Amino acid sequence: MKKYIMVIDEGTTGTRALIYNKKFEIVSQSYVEFMQYTPAEDKVEHDAVEIYEKTIDRCKDAMERAGITADDIAAIGITNQRATCVVWDKNTGKPLYHAIVWQDSRTAVDCNEINESGMGEKVRKRTGWTVGPVYTSMMMKWYLDNVPEIKKAVEAGDALMGTIDTWLIWNLTGGKVHAVSYSNASVMGSYDLTTGDWYQEFLDYLGIPVSIYPEVRDDSGDFGSTDPELFGAPIPITSAIADQHAALFAQGCTKGGSGKITNGTGSFLDINVGSNLLISDEGLDTVIAWKIGDQINYALEGYESVTGSAIQWLRDGIQIITESPETEEMAYSVEDSNGVVFIPALAGLRAPFHKPLARGTITGITRGTTRAHIARATLEGIVYRLKDILDAVERESKVPMSDIRIDGGASKNNFLAQTLSDMLNATVKRPLFVEATSLGAAELAGLHVGFWTMEEFENAMEVDREFTPQISEEERKERYEKWVALIEKSF
Ligand code: ADP
């Protein structure tokens, strides 16, 4: 009887393997960082071989720590950093260049040109994302223009491309499966959401042959089995899902109108909008949340890069706190922010404004302003930014969001969670256990092999605390109107 599911959680800075038992408990895990290559200000790269080798080591280590073998594992699930591009030679199995990471901005000038030409708007309406350096297809074009070995291999029909999930699956299966999941495909900037296929016209425009692209498969489905030599016995790979999508699934947001906010150094807001495609006109991105069998689910996504990192700035920049969690007590120690408003646009403003040159502002400072007021205004500023995004989702989807799940390090802050509930006018639920990303990949892998059923997932995440709105509609309106009036100043 196979008693475990193994998850490969491939983040941007490190790789983790986890073993889950039937009760959704992590019985062992193993983590290691990998190298970040930054050859220039606008470039971030990874060594795909290092990632693969470290993944295998971590899997073996996690199995050893749990005292189990490959025969005890029912399936493997993969969750990964999205959009990062790898190109390799299918004969040698070797990457032809470093992987270009989703944070890289080397194609910014080309992207601007496309957006200014009118092509950008056409592409956005098909792919669900504004053309930008995060597009895997733009990275692929950069390879073709700048790396002669890649151009040659593509022309000779020897090259394959994919995101990190694709690369891992290809290697784990001994080169038998070249596939990507729907969730990952939908953030590659070359998947046409309106036809459900690779976006041929845009690939032709970029000069990329579609033949190097992977086959798109269900997020909970068959991705082949691991080469028997790797772990001593073959293990089926039955899920591959992008990180934010995995967290959305694990948080129980499986139906339209439910959503989650991940508050880490930045915040990702993902709202499941059901099975009807909805391309945003409000500055949000549309993604495929997942496809399971016949069922496809779309999500609207909004991202802000500075939220938890604004708290880090209080600690490391202006040094008015020594640890992030202190901000909770400081915020509660004062009745209000005493008129101080902090717009944390420390690296520009993202969804739904998209003002990369916006700058942070602190207004309303008097002689009575204390560190506590600034700490409180920072946490409130994070909440107002999330309200900016959620309001755009509501305008677009026309569905009021009354139930929000939160995860990520900064969600541990009770003042932040309560203010979110107050300002979003929603019940905010925080799980006890916040490893939502890996849990989602485990669930989808287990689902495919009959290890778990959908019904069992309802109890997989224990709620630690539920926050309900404690302010009147009048107060909510008044506070937010003040914010709206000030935010344009930061543009
Ligand atoms: P990531 O996965 O993005 O690296 P985490 O989910 O680990 O980030 O969250 C870390 C971020 O959350 C940091 O920016 C930190 O300042 C912030 N943070 C952590 N704990 C708290 C807290 N109790 N109150 C406010 N911010 C916090």
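What to note about this one:
- In sequence order, segment 117-131 has phi-based couplings of 7, x, 4, x, 5, 4, 5, 4, 5, 9, 8, x, 10, 5, 4 Hz under the Karplus curve 6.51 cos²θ - 1.76 cosθ + 1.60, θ = phi - 60°, and Gly or Pro positions carry x.
- Antiparallel content of DSSP bridges confined to the chain, in %, to 5: 70 percent
- For the chain, the longest principal axis of the C-alpha atoms and the axis of helix 414-424 are separated by about 80°.
- Assigned charges on the beta-carbon of Lys, Arg, Asp, Glu; segment 256-378 dipole about Cα centre (debye): 360 debye
- For segment 241-250, 3J(HN,Hα) computed residue by residue from phi via the Karplus equation (6.51, -1.76, 1.60; θ = phi - 60°) reads 9, 5, 3, 5, 5, 5, 5, 4, 5, 4 Hz, glycine and proline entered as x.
- Long pairs among LYS54/LYS260; LYS90/LYS255; LYS94/LYS260; LYS60/LYS255; LYS176/LYS255, criterion Cα-Cα beyond 32 Å: LYS90/LYS255; LYS94/LYS260; LYS60/LYS255; LYS176/LYS255
- Projecting the Cα atoms of SER438, GLN418, PHE467 onto the charge dipole of segment 377-491, computed from C-beta unit charges around the Cα centre, puts GLN418 farthest toward the positive end.
- Anchor LYS489: lysines whose Cα lies under 17 Å away (excluding residues fewer than 8 positions away in-chain): LYS355
- The calculated Kirkwood hydrodynamic radius for segment 121-208 is 13.8 Å, given to one decimal from all distinct C-alpha pairs.
- Close amide H pairs (under 5 Å, H built 1.01 Å from N) link ALA240 with ILE78, GLY221, residues at least 5 positions away or on another chain.
- In segment 302-343, the chymotrypsin sites (Phe, Trp or Tyr not before Pro) that fall in loop regions by DSSP, at most 15 other Cβ within 10 Å: none
- Reach of LYS23 by Cα under 18 Å, taken over lysines that are not fewer than 8 positions away in the same chain: LYS2, LYS3
- Rg over Rh, two decimals, the chain (C-alpha only, Kirkwood Rh): 0.97
- Under the criterion of Cα pairs below 8 Å and six or more residues apart, the relative contact order for segment 350-491 equals 27 percent.
- Sequence-distant residues sharing a close amide H with THR361 (under 5 Å, placed H): ILE343, ALA345
- Residues in segment 130-166 that a label on THR13 would reach, taking backbone N under 17 Å of a point 7 Å out along Cα→Cβ: none
- To the nearest 10, the accessible area of GLU33 is 120 Å² with a 1.4 Å probe.
- At most 16 other Cβ within 10 Å, DSSP loop - chymotrypsin sites (Phe, Trp or Tyr not before Pro), segment 398-475: PHE433
- Value of relative contact order over segment 337-378, rounded to a whole percent, pairs C-alpha under 8 Å and six or more apart: 49 percent
- Trypsin sites (Lys or Arg not before Pro) restricted to segment 369-448 and DSSP loop, no more than 14 other C-beta within 10 Å: LYS398
- About its Cα centre, segment 373-491 has a charge dipole of approximately 520 debye under the convention of +1 per Lys or Arg Cβ and -1 per Asp or Glu Cβ, with nothing else charged.
The values are calculated or read from the model by the stated rules, or taken from the named source; none is laboratory data. As the structure is a prediction and not an experimental result, all values here were calculated from the model. With ideal geometry, Cβ positions are generated from the backbone for all residues, glycine too; neighbour counts draw on all protein chains shown. We work out accessible area using only protein heavy atoms, side chains counted, and drop any ligands, DNA or RNA first. Shrake-Rupley method; radii C 1.70, N 1.55, O 1.52, S 1.80 Å.
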